[in-house]
Amino acid sequence: MTTVARTEVLHALSFDVEEYFQVANFRGAFGRDDWDGVPSRLDVGMDRILALLDRRKARATFFWLGWVAERHPALVRRCVDAGHEIASHGYEHLFLQDLGRDRFVEDLARTEAALVAAGAPRPIGFRASTFSLSRSTWWAFDVLVERGYRYDSSVHPVSHPTYGVPDFDPGISRVGAAGGSILEFPVATWRALGRNWPVGGGGYFRLLPLWATRRALASLESDGRPAALYLHPWELDPEQPRVDAPLSARFRHYLNLDRTLPRLEALLERFRFGTMAESLRARGFEV
Ligand SMILES: [Zn+2]
């Protein structure tokens, strides 16, 4: 048996903590007012994630929805106690363009309050719902700087019909805003055939074969660049209830759910992972 030498780049592992019924993909099936009536499945995915990270001695960043943190403070606490980073995914998964600037301020404040009340430190990292930080919602950077956030992970440098800034730097960069600047650490993309391909998580992580993700990470690593990966607790819960939604939505949501856990475990075996903040610090950024 051969052992694979571990390399020095510290990649960032992250989870967007939301329920399966809160994803943008299922908006037609669950209205905001329905949420409290749907039984939670959060602990199923979270138990598996926390056990895996414990087994592999790895840390990760958990971007919590404020709505979820208010209902599961003990789970927030478990993440804190295990040494993971707690960050903000906004309060109720609204797109930035629907919130607008003033309501975004309230949304962030409400989420910070929920996280702190659960026992977490005030978050320094943010990820918008569904990568909704794009050129039309660039004002969000001003708000994040104003509220003391040190990094953001909401810009997806890809071409996509509903989100993305394809010409944005796919590495870590500093974005100037009114009142200061903030680090942007986009989820991983891989440059091939003249464009950036999303390889950082979610549906693509389950769609692409494991070797492709491995190759993308190894390629970033050979350039000394860390990758930010993102997954959701519901992606480690193949037994979740099936939702009556259009075929394309169901395909994206349910594809290869049973493979998320073994794939993630294989990556944790091969690559080094830490929190978003740790990965930034390892690259010499102050956060
Ligand atoms: Zn989300």
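The values are calculated or read from the model by the stated rules, or taken from the named source; none is laboratory data. Given the structure is predicted, the values throughout are model-derived calculations rather than measurements. Glycine gets a Cβ as well: all are built from the backbone with ideal geometry, and neighbour counts include every protein chain shown.
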When the range 113-129 is checked residue by residue, the ones that are surrounded by 20 or more Cβ atoms within 10 Å (Cβ to Cβ) and in a helix (DSSP H, G or I) are Ala114, Leu115, Ser129
Counting only residues that are under 22 Å from Ala60 (Cβ atoms) and without any contact (Cβ under 8 Å) to a residue 40 or more places away in the chain, the range 89-107 contains a total of 2
- Message: Considering only the range 207-218, I want to know if a residue exists there that is surrounded by 13 or more Cβ atoms within 10 Å (Cβ to Cβ), β-branched (Val, Ile, Thr) and closer than 18 Å to Phe26 by Cβ.
- Response: no
Among residues of the range 248-287 being under 21 Å from Asp54 (Cβ atoms) and of a type in the set (Gly, Ala, Ser), the residue surrounded by the most Cβ atoms within 10 Å (Cβ to Cβ) is Ser279
So the helices (runs of 4 or more DSSP H) completely within the range 8-99 holding 3 or more residues that are within 14 Å of the ligand (Cβ to nearest atom) are 66-71
Of (1) closer than 28 Å to Val9 by Cβ; (2) exposed (fewer than 15 other Cβ atoms within 10 Å of the Cβ); (3) touching a helix residue (DSSP H, G or I) at 6+ places or on another chain (Cβ under 6 Å), Arg174 satisfies every one except (3)
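Inside the range 199-231, can you point out the residues that are within 16 Å of the ligand (Cβ to nearest atom) and either assigned to a loop (DSSP other than H, G, I, E, B) or under 13 Å from the mean Cα position of the chain (by Cα) (or both)? If you could, list the steps in order and put the result at the bottom.
Pass one, the range 199-231, residues within 16 Å of the ligand (Cβ to nearest atom): 200-206, 228-231.
Once the filter is applied, which keeps residues that are within 16 Å of the ligand (Cβ to nearest atom) and either assigned to a loop (DSSP other than H, G, I, E, B) or under 13 Å from the mean Cα position of the chain (by Cα) (or both), the range 199-231 yields Gly200, Gly201, Gly202, Gly203, Phe205, Ala228, Leu229, Tyr230, Leu231.
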Counted residues in the range 240-281 being farther than 21 Å from Ser154 by Cβ and touching a strand residue (DSSP E or B) at 6+ places or on another chain (Cβ under 6 Å) come to 2
Among residues of the range 131-169 being of a type in the set (Lys, Arg) and modelled with pLDDT of 95 or more, the residue farthest from Leu231 (Cα to Cα) is Arg147
The number of residues in the range 187-228 that are without any contact (Cβ under 8 Å) to a residue 12 or more places away in the chain and on the phi > 0 side of the Ramachandran plot is 2
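Collect the residues in the range 170-198 that are in a loop (DSSP other than H, G, I, E, B) and at pLDDT 90 or above, keeping them in residue-number order. First the steps, then the outcome.
So in the range 170-198, the residues in a loop (DSSP other than H, G, I, E, B) come out as 170-172, 178-179, 185-188, 193-194.
Across the range 170-198, the qualifying residues are Pro170, Gly171, Ile172, Ala178, Gly179, Phe185, Pro186, Val187, Ala188.
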Taking the range 232-274 and keeping only residues that are under 25 Å from Lys57 (Cβ atoms) and either among the basic types (Lys, Arg) or not in a helix (DSSP H, G or I) (or both), one is left with His232, Asp237, Arg259, Arg263, Arg270, Phe271, Arg272, Phe273, Gly274
Asp102 within 16 Å of the ligand (Cβ to nearest atom), of a type in the set (Asp, Glu) and within 29 Å of Gly164 (Cβ to Cβ):
no
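Being buried (at least 21 other Cβ atoms within 10 Å of the Cβ) and polar (S, T, N, Q) is true for just one of Ser159, Ser132. Which residue is that?
Working: Ser159 fails: buried (at least 21 other Cβ atoms within 10 Å of the Cβ).
Among Ser159, Ser132, only Ser132 is buried (at least 21 other Cβ atoms within 10 Å of the Cβ) and polar (S, T, N, Q).
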The lone condition Asp167 fails out of (1) buried (at least 23 other Cβ atoms within 10 Å of the Cβ); (2) without any contact (Cβ under 8 Å) to a residue 60 or more places away in the chain is (1)
